[in-house]
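Single-structure report; data block below.
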Amino acid sequence: MPAKTGGSHASAAFVSMILGSILSKYVWTYTPSLAEASATVGRVLATTTGTPFSREFAGTLVVMVGLSFVWGVVYHVARHG
């Protein structure tokens, strides 16, 4: 059982990281309001954790969280019907 769920979660993390990096360019280019929202989230995280986030990393982070959420919902529906 852990091999199935672990593999799914590991692949979700990997795909989210790669697609988040790729899609963040398009978020910054085509949806400036979402880009600014992600930059705001990045600034809040930076001040809260004390870790500096660049604007590009904040956009990647928002896309990664969104993809991970969608993956989790799809996994839950597929697994638990």
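The values are calculated or read from the model by the stated rules, or taken from the named source; none is laboratory data. These figures come from a predicted structure and were not determined experimentally. Reconstructed Cβ throughout: ideal geometry from the backbone, glycine too, with neighbour counts over all protein chains shown.
Points worth noting:
- Counted residues, region 26-56 - those being modelled with pLDDT of 80 or more, surrounded by 14 or more Cβ atoms within 10 Å (Cβ to Cβ) and not in a helix (DSSP H, G or I): 0
- Number of the condition not met by residue 74 [criteria: (1) surrounded by 10 or more Cβ atoms within 10 Å (Cβ to Cβ); (2) among the hydrophobic types (A, V, I, L, M, F, W, C); (3) modelled with pLDDT under 80]: (3)
- Within region 22-50, residues that are closer than 12 Å to residue 61 by Cα sit with their Cβ atoms under 9 Å from residues that are among the basic types (Lys, Arg), at 6+ positions apart or across chains, in these pairs: 35/55; 38/55; 39/55; 42/55.
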